[in-house]
Amino acid sequence: MPRLALVVIARNEARCIARCLTSARPHVDAMIVVDTGSTDDTVAIAEACGAMVHRFGWCDDFSAARNAALAYSDADWNLILDADDWLEGDAGALGPQTLPPAPAPARFVGCVRIVNQASADQPVTRKFIPRILPRGVRYEGRIHEQPVSPLPMVLLPLTLRHDGFEEAQLARKAGRNEALLRAELDANPGDSYLWYQLGREHLVRGQPGEAADALLTAHRTSAPDTAYRHGIVVAAVQAFKRAVRFEEGRAFIDAEHVHWQRSPDFYFAVADLYLEYASHRPEIAMEELLPVVEGSWKRCLEIGERPDLDGSTEGCGSHLAAHNLAMFYETLGIDDDAASYAAMAAEMRGRLAA
């Protein structure tokens, strides 16, 4: 009986399915791919990589597809990847010391860090998502599905990369996610996680007003200690800025700042909103708005990087904040400070890349 199986659902993923499977193949005992209706070479590529491929008729329900795929696995543990994911770095957490074979009882559901990158010139964001499931655990929810288990969620030292937010990939999925989210919300109107995901969907699709409204609902319906609360708050500030709802954003920031004293992402979003507001209200910019911009980016640097925060963006606590301060001082004609922060940004980028 296999100890660990890779389980993937896919449809028209010929561009990336080999990358996904080859990244996991050295670390698993079996690879299972369930194809939900590909018209490209996904199936042939997956079989060539050594995966067992099965078919499942797509029914607008990700949990149904995931659970159908899991039904083909008899492994003690299942590693769940999307076709546009791939393992990066040390995969030691997939070994038997962390994921022991039966009859040792499973004591947790494993969460991994997923690094999302929209494009090569965009900063990467970090998410923590349950992706390592003991035998028998199944999913609920037709989109942004979650495993259901009484076992605790434990973050493991394992990193996945994901490129599904690149523009070309988003275009393929246009409309699908929103339709599924709205169908789920019709059935579960008080589900804060679904409102959060709908807000993120609107934000990435360039609909900031709708995003702000959905994120406010997510904020109102979630508890202060909700795991994704940080993501809700930061995304809401970003949405207020893009929707030109500055006063509403300022009130939201004032109410939330006490809870996020150790989040560079929060202060980075604050600086962005106040800087945009300053461009709309030059008569109060110098006295009232730009000092908040300056102070917020400096606060980002004081806090430093926080890769442990779900939804954090790489660089908010280091080179991105330093770069923005350099541009800020250059615009104001404060050349010494501009040069100092430019050098700091370059050094910080080098450290992150090392």
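The values are calculated or read from the model by the stated rules, or taken from the named source; none is laboratory data. The structure presented is a predicted model; accordingly, all values stated were derived computationally and were not measured. Every residue, glycine as well, gets a Cβ built from its backbone with ideal geometry; the counts of neighbours run over all protein chains shown. Heavy atoms of the whole protein, side chains included, go into the accessibility calculation; ligands, DNA and RNA do not. Shrake-Rupley method; radii C 1.70, N 1.55, O 1.52, S 1.80 Å.
Here are some notes:
- Convex hull of segment 48-124 built on C-alpha atoms - directionally averaged projected area, nm²: 7.8 nm²
- Segment Ile284-Asp186, length gained on full extension (0.36 nm per residue, minus Cα span): 30.9 nm
- All-pairs alpha carbon distance profile, the chain, 20 Å steps from 0, percent: 27, 54, 18, 1
- Where segment 33-78 is the region considered: accessible area per residue in Å², 1.4 Å probe: 42 Å²
- Relative to the dominant Cα principal axis of the chain, helix 176-187 is inclined by about 90°.
- Surface share of carbon and sulfur [accessible, 1.4 angstrom probe, percent] for segment 172-241: 49 percent
- For Ser73, solvent-accessible area (1.4 Å; no DNA, RNA or ligand), Å²: 20 Å²
- Summary value for the chain: 12 percent relative contact order, contacts being C-alpha pairs under 8 angstrom separated by 6+ residues.
- Here's the picture: a label point sits 7 Å out from the Cα of Glu248 along the beta-carbon direction, and within segment 194-235 the residues with their amide nitrogen under 12 Å of it are 208-217.
- In the chain, the DSSP beta bridges split such that about 45 percent are antiparallel, to the nearest 5.
- Segment Asp337-Thr39, extension gain: residue separation times 0.36 nm, minus the distance between their alpha carbons: 101.6 nm
- For segment 190-215, the residues whose amide N sits under 18 Å from a probe point set 7 Å from the Cα of Asp60 along the beta carbon direction are 198.
- Computed about the Cα centre, the dipole magnitude for the chain is approximately 1060 debye when only Lys and Arg (+1) and Asp and Glu (-1) carry charge, each at its Cβ.
- Qualifying trypsin sites (Lys or Arg not before Pro) in segment 85-164, DSSP loop, other Cβ atoms within 10 Å at most 16: Arg107, Arg135
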